[in-house]
Structures are given as C-alpha cells and as structure tokens.
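Reading through the structure tokens given below for one structure.
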Amino acid sequence: MPAHVIHDQLSTRLRALQPSVTLVISQLARKLTAEGRDIINMSSGELDFDTHEPIVRSAIAALHDGQTRYTDVGGTPALKAAIIAKFKRENQLTFTPRQIIASTGAKQIIFNALLATLEPEDEVTIPAPYWVSYPEMVRLTGAVPRYVEPGDQDDFKLTPARLEAALNANSRWLLINSPGNPSGALYNAQELRALGEVLATYPRVLVISDDIYEHIVYEGAFVSFATAVPSLAARTLTVNGVSKAYAMTGWRLGYAGGPEWLIDGLSLLQSQSTSCPSAIGQAGALAALNGPQALLPEWCGRLRQRRDVALSLLRQAPELKVATPPAAFYLFVDCRDLIGKRSRQAKQCMMTWRWPPIC
Ligand code: PLP
C-alpha cells in the first residue's frame, strides 16, 4: 500500500487529513485483481448486486433524451418531488422543495453540512463505533470530533446519559447513524426520543440523521430521528441516498431534507463547488425512488442469509466475538484476543520466510 505522503505545498488543513482507509484498500484490491490475483474485496461498504435493469434503462433513456446538461443546483424539480414523496411514504416526514437537496452522494451532503455550519472551536458528537469518514470531515472544517464510547451493555448505541456527559457549550452537531456502520446498531423510536429529550436542553445542537442503511434491516424496524422526535425536526438534517439501498454506489447520488436556512446554505456551497449532482445520477435516482420497491426486501433477505453464514463461520473461532447485527451489512468483530498472536499456518510461513503468507 502506498504510504500516506503529504506534500509540503499542500495546505495545513489538508496535512491533518487521513485518506479514507476503505477507499485506499479498495484501490489496492482493484489493482491486485487487475494483476490477476484472486481477491475478495471486503473494504468498501457496497453491495455486489448490479443496479436493477429498469433503473439502468431509464438512465440511458434520459441520456438519449438530452438530459446531459447542468441541472438546478439542488437537483431537478422531478427528482426533488420523488425525494419528497419518498420521505412522506417511508418516513412520514413532510418537506417542501425548498427543504430538499440532492448532491454527489450522502457523503457530500454530510461534509457540506459540517462545512456550512462549523466554527473552529465547535464540537461534533460522534457515537463510537463510527463510519471512518465522519471525524476526517469534521477535522477538515477545523472543528473538533468528540467521540462517545458505548457501554458494554449498550449494543453499540448512544445512551442519554453518555450523550448528556458529552455535550457542552461548544457542541454543534450530533451524528446519528442508524442502522450503523460498522456495528449494524439499530435505534428504536423510544431510544431516539430519549436522546431527543437530552438535546431539547441544548438548542444550539443540530442533528444529522444518516439513514443511508435504512432499507437493510433484519430484526426490528427502522425509524428516522425526525420521525421519532418531531419536536427537533427543525434542527435535523435527514440524510439518505440511493447508494446502499439500490446498489448504486457509483452513481453518486445522495439527498437530504432539512430546515430551509440549512438547505439554502448547502445549495450555496454546492453552487460554488460541484454546481449540481450529475444529471445521469439524478435520472437513475428518479427511476429508483419512483419505481417498484419489491427488490429491496428480496435483497435484504439474501443479505440476511449471508450475515447468518458469516456469523456461524466466525463463531467457530473462540477468540473472535461478534454480536448479531440487526441491520446494515457489516459484522463488527472483536478480535482483541488475537492481536499479537499468530496462526499455526502463519507461523509456518514465517519460519520459511514467506511473508505475506501465500501458502
Ligand atoms: N454514511 C455512511 C454511514 C456510510 O457508510 C457511507 C458509505 O459507506 C455513506 C454515508 C456514503 O454514502 P454515499 O455513497 O451516498 O456517499
């Protein structure tokens, strides 16, 4: 893997930034695959299913129809209408077009929301374990990530007491990611409401509800933060996208609903950075959101089978501890008992000076 080299002509801001580890590993996996090695790439969080054919066909038709130009900054009126309908249908959330933005992935929305609002001394509360990009995005704005570790009995979820202990006058955002990457944790409405009660006494704190894994739920039911806590909807940015639900990671289309002042800020930022999300990505997302949704539970069933197979294999190793995740497509394996130890096979490889172990 190439070392993380930062040239001294790059800005101080950039020098503090770590590359996305998952993307670095993905790149290496693609390179090794291209060299003919048999690689199973388990780095990036993406489905190995193909985008559903009707979505692909709709996007091709849109290209032929001349949808190849810049669009409105925050997305076409048709896409915004589809996003509004989705939020209503699936989350019982009501938005006007002015409260909606589409961007180049949920990632761009989260980054832009932080950049648009954070001052250097501000803190962003990030419940651990978290998606690796959150802290780097916060750092890039000059603000400070504040991690909250879960208790042993908390199922990787933030509790009201731990939230209360983490908040202070500098707190500006709370990042809620349910279902969560990498733990698969899923909050129920009651748990979200309990967090909302704590936040009610911190009026400066905004909430990002990162719902990108909404459709990958095996046990329990998904509920979005603003749905569970309507009293805080005016300071919640509900973020979602087509990447994970519809196997469309490469289309780069995410969206969000939130208060007008914030969506206006995100649009301003987007207008001077990427102008608008890709027109072809928007056409694909429109077809995905407005099209039949029957594929989603079917894919979820297949992912659940895979989860169960992977769990039963991992549990054959007594040193590995893994909880059954109720949602998302990750297994968060505790391998602390193995750190510093070598397998018999690896030992043999070391003894014959073959490393990495290719035996
Ligand atoms: N949020 C979480 C928790 C993720 O794990 C990811 C991608 O891995 C994203 C957001 C990014 O989604 P998108 O592809 O829409 O940028």
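General remarks:
- Beta bridges by DSSP in the chain, antiparallel share as percent, to the nearest 5: 40
- Applying 0.36 nm per residue to the separation of S312 and D155 and subtracting their alpha-carbon distance, the gain on full extension is 54.6 nm.
- Heavy-atom surface of region 1-44, accessible at 1.4 Å and reported per residue (Å²): 85
- Considering only H215, H64, H52, the mean-square fluctuation computed in a Gaussian network model of the chain, springs between alpha carbons under 10 angstrom, is largest for H64.
- Filter on K88/K157; K80/K107; K107/K244 - keep pairs with C-alpha separation over 20 Å: K88/K157
- Accessible area (Å², per residue) of region 180-253, counting only protein heavy atoms and a probe of 1.4 Å: 32
- For L206, the amide hydrogen comes within under 5 Å of the amide hydrogens of W173, L174, counting only partners 5 or more places away or on other chains and with H modelled in the peptide plane.
- Note on the chain: with neighbouring protein chains present and a 1.4 Å probe, carbon and sulfur make up 57 percent of its accessible heavy-atom surface.
- Candidates N181, N170, N240, ranked by Gaussian network fluctuation over the chain, Cα under 10 Å, top entry: N170
- Computed from backbone phi with θ = phi - 60° and the Karplus coefficients 6.51, -1.76 and 1.60, the 3J(HN,Hα) list for region 184-192 is x, 5, 10, 8, 9, 4, 5, 5, 5 Hz; x is used for glycine and proline.
- Candidates A310, A287, A327, ranked by Gaussian network fluctuation over the chain, Cα under 10 Å, top entry: A310
- Backbone phi angles across region 44-50, fed through the Karplus curve with coefficients 6.51, -1.76 and 1.60 (θ = phi - 60°), yield HN-Hα couplings of 6, x, 8, 6, 8, 6, 7 Hz in residue order; Gly and Pro are listed as x.
- Unit Cα scatterers, Debye sum, region 53-290: log10 I(q)/I(0) for q = 0.08, 0.09, 0.11, 0.15 Å⁻¹: -0.28, -0.36, -0.53, -0.99
- Here the peptides 36-42, 132-138, 319-325 are ranked by packing, the mean other Cβ count within 10 Å, and the order with the highest first is 132-138, 319-325, 36-42.
- Global geometry of region 1-132, whether rounded, prolate or oblate, following the gyration tensor of its Cα atoms and the 1.5 cut on a/c: oblate
The values are calculated or read from the model by the stated rules, or taken from the named source; none is laboratory data. Owing to the predicted nature of the structure, the values given are computational and were not obtained by experimental measurement. Cβ sites come from the backbone with ideal geometry, for glycine too, and all protein chains shown count toward neighbours. Areas reflect the complete protein model, heavy atoms only, side chains present, ligands, DNA and RNA absent. Shrake-Rupley method; radii C 1.70, N 1.55, O 1.52, S 1.80 Å.
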